[in-house]
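Structure, as structure tokens:
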Amino acid sequence: MDRLTLRQVPIYFLPFLFLLLTGCGSGTSSASAAASGVFVDTMTDQFLKKSFDDTKACTGLAQGTYEDLSVVFMPPSFDCPYYASGCSGEFTEPNLVKLGTLFVWRHELVHYLLYTNTGDPDTYHHSPLFGTCGVGTSTS
Ligand SMILES: [Zn+2]
């Protein structure tokens, strides 16, 4: 029996062969199943920390640390006292941030940083920092 050479492989088979050679067929490995449960990858923590540092630098506010925060991941929309339809993010004094999506992370950080530095989280977004840092609309 002759060995199959690349020249003998039909052209329509080449993309499949490429996938096999690049390891995309992970279903063929003998890896054990991942542990069940909900996990947050360490890259998420690194992303949150870097975004915190960037936001803090943007505001110019000195007080407040990433390590001080308590962050809770929530469903995309959750009950809150501010909107009848629910919130996708919420800061609660003194250090709790609830996130329904990572897109509101920096917005909630501005509330946290304002609270930590001034004692007022600016619930109604009058601070120009929301606009300056591109995390929401300033109403003043
Ligand atoms: Zn807000």
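Order by neighbour count: 125, 111, fewest other Cβ atoms within 10 Å first, most last. Display every interim value, and only then the final one.
Details: 125 19, 111 25.
If I rank by nearby Cβ atoms, fewest first, I get 125, 111.
Please identify every one of the chymotrypsin sites (Phe, Trp or Tyr not before Pro) in the range 31-118 that sits in a loop by DSSP and has no more than 11 other beta carbons within 10 Å of its own beta carbon. Don't skip to the end; give the middle numbers.
Working: sites: 39, 47, 52, 66, 73, 78, 82, 83, 91, 103, 105, 112, 115; in loops: 39, 82, 83.
Qualifying residues, ordered by number: 39, 82, 83.
Bear in mind that the values in this text are calculations on the coordinates, not laboratory data. Because the structure is predicted, anything quoted here is derived from the model rather than measured. Counting neighbours? That spans all protein chains shown, and the Cβs are built from the backbone with ideal geometry, glycine included.
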